[in-house]
Amino acid sequence: PYHILGDCLGGGIAFEMAQQMHEKGYQVKTLFLLDTHRKGIPKIEYSLTNRLILKISRNIRMILHQPTEIITELKKSIIKMKEWFDFRNNPDHFRRRIYQLYRNYQAMFYPGNMVYIKSKDEQDETHFDYWKNKVNHIKNITLDARHGEFISYKHCSELVKILEQEFMLYE
C-alpha cells in the first residue's frame, strides 16, 4: 500500500497520482495534501522590488547573525531575480508551464481517503471545500505554520507527529 504526500502545488500532482494509481489497481492507503490550493491559483505579478524583499526576508535570520553576508546575499538575490524575470518571459519555462497546467486541471472524484493539512493562516475554506467534494472521506487538520513552512526545520517534527498518527489509523 502507498501513502502519498504533496505540498502546495505538489498536492494537486499527488492527487492525480493517487487517482491514476487507484485506477490501475494499486492500493493507496492515504493521500496527504499540505496546504494545497484548489485549481485556479490566481496569477500574481511581483515587481523586482517585491521579489527582492521576499527573498531577503526569508533569509533575515541568517543576515542578522552574519551581517558581513548581507552584500553577498543581496548580490545572489539580484542574480536570481534577473534569472527569474528571464524565465518568466520564456513561455517554455518549466515552472510556468506546470502552473498553467494546474490552473486548467480538472480533478475527478477519487474514492480514497485524504488528509488535508492547512496552515493556521488559511481562513478561507474554499480550498478545503474544493478537495472535500473530490474524495470519499477527508480529514481536515490545521498546522500552526504559515504556507511554505510545513517542512521547515521549525515545523517538521510537528508534521511528522501528525503523519505518524494518521499512518497508525490506516495500518
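The values are calculated or read from the model by the stated rules, or taken from the named source; none is laboratory data. Treat the numbers as computed from the prediction; the structure is a model and nothing was measured. Areas reflect the complete protein model, heavy atoms only, side chains present, ligands, DNA and RNA absent. Shrake-Rupley method; radii C 1.70, N 1.55, O 1.52, S 1.80 Å.
Taking the condition over 26 Å from GLN20 (Cα atoms) and of a type in the set (Phe, Trp, Tyr), does TYR153 pass? The answer is yes for TYR153. Taking the criterion of being under 13 Å from GLU16 (Cα atoms) and among the polar types (S, T, N, Q), the only residue of the stretch 105-139 that qualifies is GLN106. If only residues of the stretch 113-171 that are of a type in the set (A, V, I, L, M) and open to solvent by 40 Å² or more (accessible area, probe 1.4 Å) are counted, the one that is modelled with the lowest pLDDT is LEU169.
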